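Enquirer: Have a look at this one.
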Amino acid sequence: MAEQDIALMAHLMRRAGFGATYEELEARAAKGYEATVEELLNPESQPAIQDDILMRYQPQWVSKAGLEGQQEEWTYRMINTKRPLEEKIALFWHHIFCTGHAKCEYPKQQNIELDMFRTLGFGNFEELLMGLSMDPAMVFYLDNCMSHKDAINENWGRELLELFSLGVGMDGNANYSEDDVKEAARAFTGWTVTNSIPRYPYGKYEAAFIYDPSDHDYTEKTFLGETGNFNGEDIVKIVARQPAAARFVARHMYNFFVADEPQVPAWQNTPPRDPEAVKMLEDEYFRSGYDIRSMLRVLFNSDFFKNARFEKVKSPTETVVGTMRLVGDFDMPRPGLNAMTLTIRYMGQDLLNPPTVEGWHTGREWIDSGTLVERINFTADAVGDTSHRGVQAIISRLGSEGATISSERLVDGCLQLLGHYQLADVTRNELIALADSEGELRTGTDEFGTRVGQMLQSIVATTEYLFE
Amino acid sequence: MTSTKKDPVLVVLQLSGGNDALNTIVPYGDPLYLDNRPNVRIPVDQVLPINDRIGFNPAMGPMKRLYDEGKVAIIQGVGYPTPSRSHFRSMDIWHTCEPDKVGDEGWLGRAVRDLDPGKENVLTGVNFGRGLPRALVAPGVPVASVGNLETYGVLTGIEIEEQRTKALDVFSRVYSPMLGQGPVLDYFAQTGLDALEGADILSTAPQMYSSSVEYGNDTVAQYMRNIAQTHLAGFGTRVFYTTAPYNSFDTHAGELANHTRLWTETSHAVADFYDDLKEHNAGDEVVLLVFTEFGRRVHDNGSGTDHGSGGVAFLVGENVNGGLYGEYPSLEDNKLLEGDLHYNNDFRGLYSTLLEKHMGLDAQPIVNGSFEQMDFI
């Protein structure tokens, strides 16, 4: 197996999933890059996580009564899924269409929303926006249930345009006006949720979307230059055919899967980092009839994707889930996962509870002196624990290379088995010198595993390892 | 010129979950209190009286002692207009001073930026606890966040000290900003060095510390001790922050037992902290603010209380003008706001007082407006 194929596969699996062990990378590379892309794009070809096992081991996840249990459950799914892109796409849409636990009547509503992302999230963007418009968690989060024909609440109308489909503007121009916001809000009057049943004495209840025709504004509306007696689905149809919608989806995809873009509020006036790549994705959006899966196929098979290695700062979720998949921890439901999910929060990403409706700022903004220490210590603790199956696999693989191994080979071998990471020359030389200072390294000794673990710890503490 | 006056220091203790104001400063002289609290009520004869109307929860003896010495200001009816009863949202409003929109900068993050605009001290702001509260977040402002002062540091998982020293040595060199690596990597490198420097300095604090005060073993007490240790070590920290365990004050059920334990721990921690600084002659420059995101419903739910609004805050310090501030909110039905105590003191006025009269900063841009200040300093 050519190492360059494995390195490319490592890149694909980090971006389209949450990373993979070296053994999995070898197997996937043997199967081929495009075949792996197709497998990832068609998650139903792989077995789903068995919910009955989760129920047996972690009944508190089933009740979905609280944020921490919900975070544990999702983290467990991300660590163990055989359909990594299915969870990654759910995370992608959660970054964009975020609702927050802070404003959610019934927590399970957010799990129902995630399930929608797992299915509709690969499909037609217009259908996804329709699903979102009727998602009880979102209707409540953005107050559309408080919007009435004689007193509109603009919150949903505004965020649908600004944060969920078009963006404020592109190429220096605005994508919509304040009047468009109001007209969209009017068109969505009557889109509400069933009255919530009081919490006491039996606890909370699931809400359902309902359309209340008696509370809908039937008068004529003018939206994005088109005039008619629009209802919500007309607004979604008009939105989905805008060039700005293509740009919006393409640029978000690029930012999430390829390379860090500036923060979203800057997009009106800051051109894409790679305009040609974004153009390719926009073209595919229209060619395929707004099909997300088709756009992802173009993306993963493109040169711009294959060449964008280590151009993206890992999110806290990617850091923790990727580390667990690498070392092989929490591959069965067991207590203790809460510490992992709290670590994701301490690193700055409280899943299902984003700081604002804008979601999280990504890229370099994940890192400050507090979150950096959390990230380095968490990752270093995990890879330095030589009892982990994944760490043992790295040790035994390097140990089979001969009676001794050189300092250069220790550094390069660890980088390779972590998924072909790359270090700046000065950093690599520092690590080689560190290994030299410990003396000759004999593979058959007890010391060997410890030394490999320490080298892994030093590697994951570098700035290079903050990227994927 | 030399000055013997020490730089002012602000310490904030956040009581997370919504502390029940009515069972903290208890309106035991008001028959409406007894009516509204058929089950979750402090027995009148156990209240530690302040006057014939109100008194401290019986678990708050240590704070009552400081109050009697004139070192505690009680801010009654503190809140903000159109209160949110969501923990997250209401805490966010207290953190960002943005009740109408979602803000992304914290008031103390801004204060740290104003105190140390040149970022000369990586420890100007220090949080004890894991994860940085929004109050301390401001773009480009480094704030150390310490989960455990005794073990705080980078690569603490490397157990053999010699190995760790070597690894940190490498760390400090690979995190040195390098020519031409671009702004993102420069930023990461500087952040890594800030973290390392902060950890190096902070790790020396426990060894420099000795005190006759024995703090409790609960989280709040240990973090208040850590704050005392760090303050006494003289690293120039101006803003300290710590938080009671997440949502611990959220007493929907079993309130009487839980709330008693919480205030036993908290009031001992507050008084121990005060005594500790006094013993070291290091309390004159320090003011401690104790706050929560909201009070709780006037009427109990049988075993606890649900989310409400108007709450109570405390200021503790050698130079605090002790006493009662604001008015105790009325419990009369027609004065309540949707069944909750109505605030009469905007928390942003409380913040402004601390920022201007204590810290010497311009409060207006930090709290997003001008608010009436108080006389507790």
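The values are calculated or read from the model by the stated rules, or taken from the named source; none is laboratory data. Remember, predicted model here, so these are calculated numbers, not experimental data. Neighbour counts run over all protein chains shown; Cβ positions are idealised from the backbone, glycine included.
Enquirer: Kindly evaluate B:Val122 against the criterion of being at the interface with another protein chain (Cβ under 9 Å from one of its Cβ atoms), in contact with a strand residue (DSSP E or B) (Cβ under 6 Å, 6 or more places away or on another chain) and touching a residue at least 40 places away in the same chain (Cβ under 8 Å).
Expert: no
Enquirer: Hey, does the range A:303-315 have a residue that's buried (at least 16 other Cβ atoms within 10 Å of the Cβ), more than 17 Å from A:Leu466 (Cα to Cα) and over 17 Å from the mean Cα position of the chain (by Cα)?
Expert: yes
Enquirer: Determine whether the range A:397-416 contains at least one residue that is touching a residue at least 24 places away in the same chain (Cβ under 8 Å), assigned to a loop (DSSP other than H, G, I, E, B), more than 10 Å from every other protein chain (Cβ to nearest Cβ) and surrounded by 17 or more Cβ atoms within 10 Å (Cβ to Cβ).
Expert: no
Enquirer: Is there a residue in the range A:40-53 that is under 18 Å from A:Met332 (Cβ atoms), over 22 Å from the mean Cα position of the chain (by Cα), part of a helix (DSSP H, G or I) and touching a residue at least 24 places away in the same chain (Cβ under 8 Å)?
Expert: Within the range A:40-53, one or more residues are under 18 Å from A:Met332 (Cβ atoms), over 22 Å from the mean Cα position of the chain (by Cα), part of a helix (DSSP H, G or I) and touching a residue at least 24 places away in the same chain (Cβ under 8 Å).
Enquirer: Filter the range A:294-342 down to the residues that are without any contact (Cβ under 8 Å) to a residue 40 or more places away in the chain and of a type in the set (Ser, Thr, Tyr), then identify the one that is farthest from A:Leu40 (Cα to Cα).
Expert: Ranking the qualifying residues of the range A:294-342, first place goes to A:Ser302.
Enquirer: Do we have B:Ser309 as closer than 19 Å to B:Gln373 by Cβ, surrounded by 24 or more Cβ atoms within 10 Å (Cβ to Cβ) and in the same structural domain as B:Val112 (by TED's automatic domain parsing) here? Let's see the steps before the verdict.
Expert: Numbers: closer than 19 Å to B:Gln373 by Cβ: no; surrounded by 24 or more Cβ atoms within 10 Å (Cβ to Cβ): yes; in the same structural domain as B:Val112 (by TED's automatic domain parsing): yes.
Answer is no for this residue.
Enquirer: Quick one: is B:Asp30 in contact (Cβ under 8 Å) with a residue 60 or more places away in the chain, of a type in the set (Asp, Glu) and surrounded by 22 or more Cβ atoms within 10 Å (Cβ to Cβ)?
Expert: Answer is no for this residue.
Enquirer: Further question on the same structure: Under the condition of being closer than 23 Å to B:His95 by Cα and outside any loop (DSSP other than H, G, I, E, B), which residue from the range B:239-262 is modelled with the lowest pLDDT?
Expert: B:Thr243
Enquirer: Output the residues belonging to the range A:343-386 that are free of Cβ contacts under 8 Å to residues at least 12 places away in the same chain and more than 10 Å from chain B (Cβ to nearest Cβ).
Expert: none
Enquirer: Residues in the range B:78-85: is at least one modelled with pLDDT under 90, assigned by TED's automatic domain parsing to the domain that holds B:Thr266 and surrounded by 18 or more Cβ atoms within 10 Å (Cβ to Cβ)?
Expert: Scanning the range B:78-85, I find at least one residue that is modelled with pLDDT under 90, assigned by TED's automatic domain parsing to the domain that holds B:Thr266 and surrounded by 18 or more Cβ atoms within 10 Å (Cβ to Cβ), so the answer is yes.
Enquirer: Failed condition for B:Asn281, given (1) surrounded by fewer than 21 Cβ atoms within 10 Å (Cβ to Cβ); (2) touching a residue at least 24 places away in the same chain (Cβ under 8 Å); (3) not aromatic (Phe, Trp, Tyr), with all others met?
Expert: The failed condition is (2).
Enquirer: If you don't mind, another one. Taking the range A:347-389 on its own, how many of its residues are part of a helix (DSSP H, G or I) and of a type in the set (Ser, Thr, Tyr)? Steps first, please.
Expert: Taking the range A:347-389 first, the residues part of a helix (DSSP H, G or I) are A:363-366, A:369-383, A:389.
This time we only want the ones that are of a type in the set (Ser, Thr, Tyr), so: A:369, A:371, A:379.
Qualifying residue count for the region: 3.
Enquirer: Going through B:Asp272, B:Asp300 one at a time, which residue ends up being in a loop (DSSP other than H, G, I, E, B) and assigned by TED's automatic domain parsing to the domain that holds B:Ile25?
Expert: B:Asp300
Enquirer: Would you confirm, using the coordinates I've provided, whether A:Val236 is assigned by TED's automatic domain parsing to the domain that holds A:Lys182, under 16 Å from the mean Cα position of the chain (by Cα) and within 24 Å of A:Phe188 (Cα to Cα)?
Expert: Taking the combined requirement at face value, the residue does not satisfy it.
Enquirer: When you look at A:Asp217, is it in contact (Cβ under 8 Å) with a residue 40 or more places away in the chain and at positive phi, yes or no?
Expert: It is false that A:Asp217 is in contact (Cβ under 8 Å) with a residue 40 or more places away in the chain and at positive phi.
Enquirer: Another question, if that's okay. If B:His252 satisfies every condition in (1) more than 19 Å from the chain's Cα centre (by Cα); (2) surrounded by 21 or more Cβ atoms within 10 Å (Cβ to Cβ) but one, which is the exception?
Expert: Result: B:His252 passes all but (2).
Enquirer: Every residue in the range B:137-148 that is more than 9 Å from chain A (Cβ to nearest Cβ) and within 17 Å of B:Thr243 (Cα to Cα), please.
Expert: B:Asn148, the sole residue that qualifies.
Enquirer: Could you pull out the residue among B:Phe88, B:Phe128, B:Phe56 that is more than 24 Å from B:Gln229 (Cα to Cα) and under 19 Å from the mean Cα position of the chain (by Cα)? If you could, list the steps in order and put the result at the bottom.
Expert: Working: B:Phe128 fails: more than 24 Å from B:Gln229 (Cα to Cα); B:Phe56 fails: under 19 Å from the mean Cα position of the chain (by Cα).
Every option except B:Phe88 fails the conditions.
Enquirer: Going residue by residue through the range A:104-111, is there one that turns out to be crowded, with 20+ Cβ neighbours inside 10 Å and farther than 21 Å from B:His87 by Cβ? Show your work before the answer.
Expert: As a first pass, look at the range A:104-111 and keep what is crowded, with 20+ Cβ neighbours inside 10 Å: A:104, A:106, A:109-110.
So of that shortlist, the ones also farther than 21 Å from B:His87 by Cβ come out as none.
No: zero hits.
Enquirer: Tell me the residue from A:Asp425, A:Asp446 that is closer than 30 Å to A:Val313 by Cα and of a type in the set (Asp, Glu), please. Walk me through how you get there before you give the answer.
Expert: Details: A:Asp446 fails: closer than 30 Å to A:Val313 by Cα.
Checking each option against the conditions leaves just A:Asp425.
Enquirer: Any residue at all in the range B:149-172 that is away from every other protein chain (no Cβ under 11 Å) and not in a helix (DSSP H, G or I)?
Expert: Among the residues of the range B:149-172, not one is away from every other protein chain (no Cβ under 11 Å) and not in a helix (DSSP H, G or I), which makes the answer no.
Enquirer: Also, quick follow-up: With under 28 Å from B:Gly302 (Cβ atoms), of a type outside the set (A, V, I, L, M) and either without any contact (Cβ under 8 Å) to a residue 12 or more places away in the chain or surrounded by fewer than 20 Cβ atoms within 10 Å (Cβ to Cβ) (or both) as the only criterion, which of B:Asp116, B:Asp68, B:Asp100, B:Asp35 stands out?
Expert: After ruling out the rest, the residue left standing is B:Asp35.
Enquirer: Hey, another quick one. Looking for something modelled with pLDDT of 95 or more, surrounded by 24 or more Cβ atoms within 10 Å (Cβ to Cβ) and touching a Gly at 6+ places or on another chain (Cβ under 7 Å) - is there at least one such residue anywhere in the range B:289-305?
Expert: Yes, that holds for at least one residue.
Enquirer: Which of (1) touching a strand residue (DSSP E or B) at 6+ places or on another chain (Cβ under 8 Å); (2) at the interface with chain A (Cβ under 10 Å from one of its Cβ atoms) does B:Arg134 not meet, given it meets every other one?
Expert: The one condition B:Arg134 does not meet is (1).
Enquirer: Checking the structure you have, find out if any residue of the range A:326-338 is basic (Lys, Arg) and at the interface with chain B (Cβ under 9 Å from one of its Cβ atoms). Write out each step before concluding.
Expert: Of all residues in the range A:326-338, those basic (Lys, Arg) come to A:334.
Within this subset, residues satisfying the condition of being at the interface with chain B (Cβ under 9 Å from one of its Cβ atoms) are none.
No, the range A:326-338 contains no residue that is basic (Lys, Arg) and at the interface with chain B (Cβ under 9 Å from one of its Cβ atoms).
Enquirer: Ok, one more. Return a yes/no flag: does the range A:455-465 have any residue that is without any contact (Cβ under 8 Å) to a residue 12 or more places away in the chain, in a helix (DSSP H, G or I) and over 27 Å from the mean Cα position of the chain (by Cα).
Expert: No, the range A:455-465 contains no residue that is without any contact (Cβ under 8 Å) to a residue 12 or more places away in the chain, in a helix (DSSP H, G or I) and over 27 Å from the mean Cα position of the chain (by Cα).
Enquirer: Looking only at the range B:182-237, filter to residues that are within 14 Å of chain A (Cβ to nearest Cβ), small (Gly, Ala, Ser) and in a helix (DSSP H, G or I); which one of those is surrounded by the fewest Cβ atoms within 10 Å (Cβ to Cβ)?
Expert: In this case the residue turns out to be B:Ala189.
Enquirer: Can you report the number of residues in the range A:133-185 which are part of a helix (DSSP H, G or I) and surrounded by fewer than 17 Cβ atoms within 10 Å (Cβ to Cβ)?
Expert: 4
Enquirer: Now for a different question. Of the numbered conditions (1) part of a helix (DSSP H, G or I); (2) at pLDDT below 95; (3) over 30 Å from B:Val141 (Cβ atoms), A:Gly444 satisfies every one except a single condition; which is it?
Expert: Every condition holds for A:Gly444 apart from (1).
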